[in-house]
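First comes the structure, then the notes that go with it.
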Amino acid sequence: MEPKRFNEIIVNRFKECEEVLISKEEEYSSGTDRLHNFKVAAAALQTTPEEALLGMWIKHIVSIIDLMKNPDSATPSLIKEKFGDNINYSLLAEATLLERIENKKQEVETETVAFDVVALDCDVCKRRYEYSAIDIYQAFLKKETICCKNCETSLKYTVTL
Ligand SMILES: [Zn+2]
C-alpha cells in the first residue's frame, strides 16, 4: 500500500471516531456522565462498568474476527462500521479505567483530610487547641458550632471548599 493511501485511511478513521464520540456526547447532553450507560448496565448485571463495557465491546471484536477470517466477505461499509466501533469502545474503555484511578485519588485525598487537624484560638479564654478538620467540616455542614475545649465558647472558623 502506498504511504499516501495508508495515511488517508488513518486520518479518516480518527476523524470519524472523534465525530461519533462527540455527536454521542451531544445526544446525551442532559446527563453529565459520558460513561452513564456502562454504569447502569453494570448495576443491572451486578458487575463493574469495565465488564459491562467489555460485554458490549466483545460483540464488535467477534465481528472483526469474522471479517479477518473471511476477508472476501468484507465490504468498505462493514470495515468502516466494525473497526470504527472497535476504536470507540477502546477509547471508552480507557476513559472507564482512568475514571476509576481518578476517583481513587479523590478518596485518598478525602481520607487525608480526615486525619488533618486545625488549631483554633478561643476569643474568650485565649487558649489554642487542635480540632479534627473532619469534625469542623461536619459541624459546618450541619450548621453546628465547634466549642472551645476549655471554656466551651463557640469558636469562629472558616471552611474553604
Ligand atoms: Zn475558651
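Summed over segment 132-161, residues that are in contact (Cβ under 8 Å) with a residue 24 or more places away in the chain and within 12 Å of the ligand (Cβ to nearest atom) total 7. If you check Arg128, Arg100 for being at pLDDT 90 or above and within 16 Å of the ligand (Cβ to nearest atom), only one passes: Arg128. Based on what the data block shows, is Glu94 exposed (fewer than 14 other Cβ atoms within 10 Å of the Cβ), outside any helix (DSSP H, G or I) and either in the same structural domain as Arg34 (by TED's automatic domain parsing) or more than 16 Å from the ligand (Cβ to nearest atom) (or both)? Answer is no for this residue.
Is at least one residue of segment 67-83 loosely packed, with under 11 Cβ neighbours inside 10 Å and on the phi > 0 side of the Ramachandran plot? No, every residue in segment 67-83 fails to be loosely packed, with under 11 Cβ neighbours inside 10 Å and on the phi > 0 side of the Ramachandran plot.
The values are calculated or read from the model by the stated rules, or taken from the named source; none is laboratory data. Note that the structure is a prediction, hence the values are computed from the model and not measured. Methodologically, a virtual Cβ is constructed for each residue, glycine included, from the backbone with ideal geometry; neighbour enumeration extends over all protein chains shown.
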